[in-house]
Amino acid sequence: MLSLTIKPLAKRPGAGPLACLVVLTLVMPRIAFAADKPKVLVLPVQSGSLGKGDREAATKSAADAVSKYKDLALLPTPQVDLLEVMVDLECTDLDDECLGKMGKKWGADQVVFVDVKGKGSALSLDFRVIDSATGKSIKRLTGTADGKGAVGAALGKALTEAFGALPADKPPDKPPEAQKVAVTLNASVEGAEVTLNGALVGKTPVRAQLKPGKYDAKVTRTGYVTLTQTIEVKNDGSKTADFVFTLVAEAAPIDPPPVATSDTPYYKTWWFWTAIGVGVTALGVGLGVGLTKDTPAATGVMSFGIGAPDHDPLIRSAK
């Protein structure tokens with residue numbers, strides 16, 4: 001803790017509150033300056049091997065890493081061409097002295113400069129931290145990157161060696177747990193089993209605390225038709241769902257066909273009307289055959305046998 005003791009001034013003409021104010025005015029700026037964090041400026045990454053998008057991504061990666069150090073104050077990265085700035089500052093090269101001048105230009109205490117060279121998967125990094133006041137390197141590191149995608153990791157490693165281990169990221173705040181809602185499930189028959197989303201929750205009547213959301217309810221009871229329903233629980237107060245059962249309908253027996261008794265008149269029996277139908281059919285066939293010939297058909301006795309046609313009596317008589 002910083003403490004400040006002010007002794008009373010000797011009484012003399014002109015000494016008093018005004019003199020104390022003068023002392024505080026001279027001392028306080030020094031105290032405030034000592035408590036300030038070093039201002040760090042991350043310059044745009046320089047590279048003839050990376051495209052504009054890759055250079056911007058590498059610069060942002062370095063700046064994001066520096067911003068995590070609580071004892072450093074990150075300054076905005078100037079969106080300029082460093083070669084043009086060199087001309088303004090009368091620099092002949094991007095050496096430490098020139099980089100120190102750039103730091104002074106933008107009010108930085110320290111400057112982070114990165115130059116990436118090489119081709120393909122063989123990239124090398126020149127990483128420097130320059131003190132703006134002296135124009136000299138505080139840290140100078142070299143590293144390699146296996147392709148463009150590995151430049152960010154190489155920068156992170158260099159920053160760790162220059163400024164120390166990166167502070168651990170604070171885990172994201174856990175979202176507040178949704179408040180549960182009181183839900184009552186009633187049925188017209190007590191003791192029915194209730195499942196929600198396939199999990200048994202009890203027998204009716206059921207009272208449960210559920211999170212907001214949709215639930216597939218199934219209510220079963222022996223001898224009754226199974227009931228299903230989708231229940232939507234909202235965080236707007238308690239909810240009640242009612243289920244009304246119906247009995248399972250028993251299969252009705254099939255009546256056997258009526259059986260004729262001796263008391264049944266013959267004209268109401270099946271065999272009577274069957275015989276009538278056969279007779280009518282035979283009569284119709286006979287009439288049809290008779291009408292197709294001009295002369296009546298010969299009558300006689302017909303016999304069947306196996307032999308030559310000449311021995312058949314019917315054929316011989318026809319000749």
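When N counts the residues of region 175-221, how does its alpha-carbon radius of gyration compare numerically with 2.2 N^0.38 Å, as a ratio? Write out the running numbers ahead of the final one.
Numbers: Rg = 11.7 Å, N = 47, 2.2 N^0.38 = 9.5 Å.
Taking the Cα Rg and dividing by 2.2 N^0.38 Å, one obtains 1.23.
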Original post:
Short version: ³J(HN,Hα) in whole Hz for each residue of region 152-168, in order, from phi by Karplus 6.51 cos²θ - 1.76 cosθ + 1.60 (θ = phi - 60°), x for Gly and Pro, what are they?
Top reply: x, 5, 5, 5, x, 5, 5, 5, 5, 5, 7, 10, x, 4, 5, x, 5
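So between residue 208 and residue 126, what do we pick up on full extension, going 0.36 nm a residue minus the alpha carbon distance?
Here the answer is 23.1 nm.
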Subject >> Sites residue 119 and residue 95 - FRET efficiency at Förster radius 25 Å, r taken between beta-carbons, to 0.05 >> reply: 0.55
Original post:
Which entries in 101/157; 101/148; 70/136; 180/234; 70/101; 39/60 show an alpha-carbon gap greater than 19 Å?
Top reply: 101/157; 101/148; 70/136; 70/101
**OP:** Return the distance in nm (one decimal) between the two label points of a simple spin-label model at residue 88 and residue 220, each offset 7 Å from Cα along Cα→Cβ.
**Re:** 8.0
**OP:** Provide the FRET efficiency to the nearest 0.05 for the residue 71-residue 174 pair, computing r from the beta carbons and using R0 = 35 Å.
**Re:** 0.80
Subject >> Modelled FRET efficiency - R0 25 Å, residue 80 with residue 166, Cβ distances, 0.05 increments >> reply: 0.35
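No value in this document is a laboratory result; all are computed from the given coordinates. A quick note: this is a predicted structure, and the numbers were derived from the prediction, not measured. Positions of Cβ are generated from backbone atoms using ideal geometry, with glycine treated the same way; all protein chains shown enter the neighbour counts.
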